[in-house]
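Enquirer: Here it is, the structure in full.
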Amino acid sequence: MSGDDAASEKKREIDAVDEPFTQTKRQLKKQKKSHAAALTNNKPNMSFDLNNINKRNNRYGIHDIRDLVLHLAADGQKKNWMNVSHHSNIQHTVVLMVPGITSESLGIDKPSLSSAHPFSLSPRLDDAASNLIPVINKLYSHALPVRAPGDSQRLYSPAQHILNSPIPPPEKARQQKAAQEKAGVNLPNPAKLSPPVFLIDIDQMRDNAYPMPSWLGPDVKALPEYPLPLNDGVHDSDDLDKLSDEERTKVQDDGWLETPKLDVYPRLNNPRVYGLDCEMVMTDQGSQLARVTLIDYASSNKVLDELVKPEGNVVDYLSKYSGLTKEILDQAELSHKEAQDKFADFITPSTILIGHSLESDFKALKLRHPWVIDTALVYEHPRRMPFKPSLKWLMKKWCDREIQNGTDGHDPEEDAKSCLELLSKKIQYGRNFGSLPNEMESIFTRVARVKQSHLNSASNEQNKTGACVDYGNPGQFHGMKAKTSISCKNDDEIIDGVIETAQTHDLVYGRLTELQVALGWSNSPNDNGKEGEDKDKESQSNGNSVQSAPIESAYAALNRRIERLHEALPPNTALVIISPHSDPRPSLHLNQRRLAFQEAYKNANADVSKIDPDKIFMRDDDEKLLHEAEIAKTGMTFFCIK
């Protein structure tokens, strides 16, 4: 074989090896080209389905908009009120919350309060100049009237309803199975629940600002292991008379009562468990201990109930909550140190204390103790963390019993026994008792479970992604489950963040607030709750924060921002703009009057003659409140695909 023939043969061998890779590259290139053509030729589109809309006799809710967004961006079901053609070709979905867009600002007539029918955005011919947001009319032909969430008297957060959705049944079943499997872990065999099972951990103590024993420094990652009972009838004793001086809970040099650490904790069938409740008064040195109560879990007997002389001068007895008055507290004989010593007589290194948000009681008592069952943490608030349920609500919900109903303040014995009763319910009915079913999840969690379907992604196996662009720190709150969260200080930064993330994320949420601030509907989200003159000075001095602007200027700025956003969005991006409600101020003012009257009525022991006539809330006022609240819930939503 000649040299040329050998070279040709070698080339054929190399080509044969490379052929599969070459074909794959050609196929991918062809697929991408075909996909690009499909995106161009089969452009997605949205149109209202009037046949189904006309069957409704009330407006759609924010949750309906959320469900449509999940259909556009994730795996949500098709909605019968919106036709979406070439749905799979929608590449990105942007949801922009913009309170303050009203029919007046668009130069159109007010839609009906009850109608669900989309209304035209064509300005009135005789008043076209009143259209303050012309880009809306340019991008959208119609708007869908929506109803903001709320009860008969109040508005609820629209953002909470758009950003959280029901967990789909298959995912809920998976979570329930995982929870059942987890619940069986770490339990003794046979599994018998006992108080130690419900101890809060070191992270919960730190997150809720519990005073920590000095031996639990910031570098300590976990509490010592608290042995669960074996139910074999054999256990060590934690009798106080057998404790050495080093093992006793005692007052330290800094004035704090601290429980020491044991090298080995005894395994106890019946560990000491006490319900604890403290009452405080306000002094010129701040909040201070005025009463301490302990209830024994095993017997339900009150073992300690002492009034304590505050170290400072009392400026407010907080009688509404503490139940204490000057006459009662004048009977106190114990100093704070003496009260601590009496309390310590009941505490061993293994004692478990149970109460409701006990961090406040620990601080008042000046106590550092590691073993805590906090009913505000082992039971759940309906809105989940960081919200905590009140003890009054827990007792009504799970024990069907009313507490804290008197006008003379809280009864510490009643509160402590209530916490013990809630613990007993957990032990009797299991870990999941009092755990509200987790029916909702972040829409960003929902999106992240869905695989990308469009071929121009790096890999078809990648999951979809979400981004949250908002004021404050969305990454710690409603944007926690988003792949990307961007914190902003003004609406221009919001638009910048939405444009940036919309290029690479499947779902993007942003919120513009400067219009509603200019309208006086709300304070700037940068104000951090500051009031009055200080707030105004800060707003004026901070050039990067939201500032109150003339209303016309605010509308003009919004118009520019929406134009800039739409121009910068990638093709085949759905842009959903939600103006969730109308002016909330009339209903807010009436609600404040209603609450003030209720407080005055309670303080007057239901004697209306003792109430200032200007504070009386009449039946006509109540009817007006219902009407104004319904008007406040009137909003609108706009849909288009670039």
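Derivation of every value follows stated rules applied to the coordinates shown; laboratory data play no part. This is a predicted model, so every value here is computed, not measured. Counting neighbours? That spans all protein chains shown, and the Cβs are built from the backbone with ideal geometry, glycine included.
Enquirer: With a cut-off of at most 14 other beta carbons within 10 Å, and DSSP calling the residue loop, which trypsin sites (Lys or Arg not before Pro) in the stretch 112-177 qualify? Please list them.
Expert: Working: sites: R124, K138, R147, R154, K172, R174, K177; in loops: R124, R154.
Those that pass, being in a loop and sparsely packed, are R124.
Enquirer: On to the next question. Bin all alpha-carbon pair distances of the stretch 352-426 at 10 Å intervals from 0 and give each bin's fraction as a whole percent.
Expert: All Cα pairs, binned at 10 Å, distribute as 18, 51, 29, 2 percent.
Enquirer: Can I ask one more? Once the convex hull of the C-alpha atoms of the stretch 308-347 is built, how many Å³ does it hold per residue, rounded to a whole number? Could you put the intermediate results ahead of the total?
Expert: Details: hull volume 3.2 nm³, N = 40.
Convex hull of Cα atoms, per residue: 81 Å³.
Enquirer: To make sure I understand, if each residue's beta carbon is the centre and we count other beta carbons within 10 Å, what order do M97, M46 fall in, fewest to most? Show your work: numbers first, answer last.
Expert: Numbers: M97 21, M46 17.
So the ranking, lowest neighbour count to highest, is M46, M97.
Enquirer: How much length would be gained if the chain were fully extended between S360 and L113, taking 0.36 nm per residue of separation minus their Cα-Cα distance, in nm to one decimal?
Expert: On the way: separation 247, 0.36 × 247 = 88.92 nm, distance 4.72 nm.
Length gained between S360 and L113: 84.2 nm.
Enquirer: Please pull out the direction-averaged projected area of the stretch 239-323, using the convex hull of its alpha-carbon atoms, in nm² to one decimal place. Please list the in-between numbers first.
Expert: Values: hull surface 30.5 nm².
Its Cα hull, projected and averaged over all orientations, spans 7.6 nm².
Enquirer: Taking the Cβ of each residue in S579, S157 as the centre, tally the other Cβ atoms inside 10 Å and list the residues starting with the fewest.
Expert: Numbers: S579 27, S157 16.
Ordered from fewest to most neighbouring Cβ atoms within 10 Å, S579, S157 come out as S157, S579.
Enquirer: In Å, the Kirkwood hydrodynamic radius of the stretch 255-399 over pairs of distinct alpha carbons? If you can, show how the numbers build up before the last one.
Expert: On the way: mean 1/r = 0.0607 Å⁻¹.
One over the average 1/r among Cα pairs gives 16.5 Å for the stretch 255-399.
Enquirer: Oh, and also: Roughly how big is the stretch 594-637's charge dipole about its Cα centre, with Cβ charges of +1 (Lys, Arg) and -1 (Asp, Glu), in debye to the nearest 20? Mind dumping the intermediate values first?
Expert: Working: 7 positive and 10 negative charges, 28 e Å.
With only Lys, Arg, Asp and Glu charged at Cβ, the dipole is about 140 debye.
Enquirer: Can you check how the C-alpha radius of gyration of the stretch 565-604 compares to 2.2 N^0.38 Å, as a plain ratio?
Expert: Details: Rg = 21.4 Å, N = 40, 2.2 N^0.38 = 8.9 Å.
That works out to 2.39 for the stretch 565-604.
Enquirer: Express the relative contact order of the stretch 260-362 as a whole percentage, based on alpha carbon pairs under 8 Å and six or more residues apart in sequence.
Expert: Averaging sequence separation for qualifying contacts and normalising by length gives 31 percent for the stretch 260-362.
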